[in-house]
Every structure is written in C-alpha cells, then in structure tokens.
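The block underneath contains the structure these notes are about, expressed in structure tokens.
The values are calculated or read from the model by the stated rules, or taken from the named source; none is laboratory data. Keep in mind the model is a prediction, meaning the values are calculated, not measured. Cβ sites come from the backbone with ideal geometry, for glycine too, and all protein chains shown count toward neighbours.
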Amino acid sequence: MNIIDIITKKKNKEALSKEEIEFVVNSYVDGNIKDYQMSSLLMAITINDMNDDEIHYLTNAMLNSGKKLELSSLGIVVDKHSTGGVGDKTTLMVAPIVASCGVKVAKMSGRGLGHTGGTIDKLESIPNIKLNLTEEEFINEVKNINMAITCQTDNMVIADKKIYALRDVTGTVESIPLIASSIMSKKIASGASKLVLDVKVGSGALIKNIEDARRLSNIMVNLGKQNNIETVCLITNMDIPLGNNIGNSLEIEEAIDILTNKKDNELKSLVIELSSYMVSLGLNISIEEARNMVISKLNDLSAYNKFLEFIKYQNGNIEALPKGTKAYNIKSNMEGYITKIDAYKLGRLSMLIGAGRENKEDIIDYTAGIILNKKINDYVGIGDILFTVYTNKDISNIDFNIIDITNNKIEDPKLIYEVIK
Ligand code: URA
C-alpha cells in the first residue's frame, strides 16, 4: 500500500477501504507518512467527503492509536462535549450540576482551537488548579465527589493530537468526517457509557448550516451506538456568543454568577437543558423529571457547592481568581436595536487581545477578555457602552466593529434547533 495511491483515490472521489484507512493512521502516527502527504489527504477528504463506513473505520483506527480508559468500576458515567464555540463555558456549570444530581461525570477536556475557547484554558485561570490528573487520581475523584475534569493524557488517541494540529493549520478543520472521528474517538477512549453532545451551528461554530449539523449529529449518534454509548446531540445556536463574558477568568466569573443564581440568560437556559439530558441518561428518568431536579440543585446551591468542592479537590484557589486591570469601554455611535453580535469576529477579537492563541506557542493572558453589556434586541443610545474590553495589549490597531445596530428588532434567536438521538 502506498500513500500516493490513497491520496489519488480520494482525489478521484473513491471510497477508501478499512485497510487503507488503518494504514494511513498507523503510518502517520509512526512518522512514515509525512505532514505534507497527510495534509494533502485531509484536503481531499475535506473536499470529497467520506461515506459512513469510511468514517467508522477512521474513528476506530484513531481510537486504536492510543490507550483507552477503563471506567467500568464507576458504573454509569456520563460525558459531554461541544463542537466548539465562543463564550462556550457550559462544562464549568453542567459538570457540577449533574454531579450534584448524583450522576458521575468524568470529563476530559481540551484547550482553545482557533477562535473557539477550551475548558482547560478557562480552568487554568484559577491559580494552582491541577488539571493533568493521573488515571488513578481521575477515577478516585469521580468515586469520591462524582466528578472530575482533566486534560486528555498524552497516550490517548495519539492520532487525533497529530491530525488535529495539522488540520488547524491546513484549512481542514471544518470537515464533517474529520470532526466526527476526532470527537468520537476521544469520547470512546475516555470510557463514558452515556454522552451528550452540543453540536454548535452558526457563524462562530465550525459547522455553518443546519443540514451539516444534522448530518454530523446522526453520524456521531451512530458511532456512539456502534460502541455501546448512548448518545444525544443538541443542535444549538452559535450565530451569537454564549452568555456575556468571553475570556478565561471572566468566563469562570460568569459560571459562578449562574451557579449562585445572580444571573439568568440564554447561557443558563442551555446549561439547564444540557444538564437535564445528562441526568435523564444517567438516572434513566424522563427529561421533565431530570429538568426539575437540575433546577432544584441550582436553586438550593448544591450545584455551586459541588463546583467549589471540585475546585478545592483539584487544588485550585478560587479566591485568587485574577482580574483584568486595564479596561476599555467600547461605546455606540448610533441608536437602535442590536441585531447582530458576530460570534466569529468576537472569537477572533478575544484571541487578538490575549485571551486565546493565534499560534500554538502563544501564552494566554487569563485576565484578557470581553464583557458584552448588551445582547440581541437590546436598545442602545449614542454613547451607551456596548462592551468592555480587558487587555494588556495595545488596542490602537484593533477593529472593534462586531455589532450591527438597526432601527427594528429581529425575531428572538432560537437557542436549541433540534435534539437528535
Ligand atoms: N472538537 C474536536 O475535538 N475535534 C474536532 O475536530 C472539532 C471539534
């Protein structure tokens, strides 16, 4: 078998066999297929797609490129994953809410990619927190307090680490077969028995239209079934950023505001829905029963107390959460209703002010970020503050034009488009 024949086959829109896909994944991990050859194949896949069998073979080949976590000693464990968005901090709330309902959550999270943020970066803004747990520490924590969040270990799904890094720099991130196999190989390797996926669609997401989101969801639900993981996908709106705060320590603050019932916004509604689906799967109860339980754990602060317990268990010092000192208010120069907050531009902007990485080596400023003062359909007058930017960078050349203001309101944006199971 040789890589040039395989690239040519995909270039000619032919389906690859199980053996060819295994050969590609194994040889790339071993270093026998070079980055430039893999880039070429990834681009051919991005353009010419893969059928369901090819995606299944690719997922399994990636899964088998590393170690799998054995969580059967924990009983039913529920996991979640988002395809990535701007201001997407749901894990910070969902994990403690679900754990406080008596369901075990063992979550391996990632860092920010491109304009989207990552849970590990957000949690790392809490001084001293330990996020590289050993397998034993991870399992013991879930046994003791029903939840744990850690980075994926280096020896799991090795193929995904290499392939994702390459996709990030070769314009091949937004491919459905590559997204499905990347997410599901990691989730299967993490050992959970039930899974809730938040499939984001819109300008700030990797998937831009509902048909693609539906296809991705169906593929991931089927990959789950093939591996005995009951999987539910919520297709949700990422045309607008989630919540008001974007940037690592600012997102921790917003999560705390929601867990302490100081804030009620669309982020909280999504957190309640994701948590309810996880609790429903974990306890085998109806979604309505699960939702009632989730709301009561938020109201009586059990979920917040679980959050504090988790941070303390992983050695974090939440009292020392850093705050930005240099703030710039961006004001409106017109009056009217806010009809668009471009999630993609906002994600890019937060990267430029230091909250994300433009290059893999960049060091994050955990205090950098943006607080949106207004949301869709809010009225603004001339001089009103649209958002506040926290940064230690020079902002003189930065374009802050991310909000559209018009004379009329628009229809209220939908939060959840569809649920696929
Ligand atoms: N998240 C992942 O883990 N992989 C992708 O390919 C896209 C989002």
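More than 13 Å from the chain's Cα centre (by Cα), of a type in the set (Asp, Glu), within 11 Å of the ligand (Cβ to nearest atom) and surrounded by fewer than 24 Cβ atoms within 10 Å (Cβ to Cβ): does that describe residue 212? Against the criterion (more than 13 Å from the chain's Cα centre (by Cα), of a type in the set (Asp, Glu), within 11 Å of the ligand (Cβ to nearest atom) and surrounded by fewer than 24 Cβ atoms within 10 Å (Cβ to Cβ)), residue 212 does not qualify. Does residue 168 satisfy being outside the structural domain of residue 301 (by TED's automatic domain parsing), within 11 Å of the ligand (Cβ to nearest atom) and surrounded by fewer than 18 Cβ atoms within 10 Å (Cβ to Cβ)? Considered against the rule, which asks whether it is outside the structural domain of residue 301 (by TED's automatic domain parsing), within 11 Å of the ligand (Cβ to nearest atom) and surrounded by fewer than 18 Cβ atoms within 10 Å (Cβ to Cβ), residue 168 comes out as yes.
Looking across region 80-112 at every residue that is of a type in the set (Gly, Ala, Ser) and in a helix (DSSP H, G or I), the one that is farthest from the ligand (Cβ to nearest atom) is identified as 100. Residues in region 143-155 that are away from the ligand (no atom under 12 Å from the Cβ), surrounded by fewer than 21 Cβ atoms within 10 Å (Cβ to Cβ) and either assigned to a strand (DSSP E or B) or of a type outside the set (Asp, Glu) (or both): 143, 144, 145, 151, 153, 155. The numbered conditions (1) under 21 Å from the mean Cα position of the chain (by Cα); (2) within 23 Å of residue 81 (Cβ to Cβ) are all true for residue 283 except (1). The set of residues from region 171-201 being more than 11 Å from the ligand (Cβ to nearest atom), closer than 16 Å to residue 57 by Cβ and not in a helix (DSSP H, G or I) is empty.
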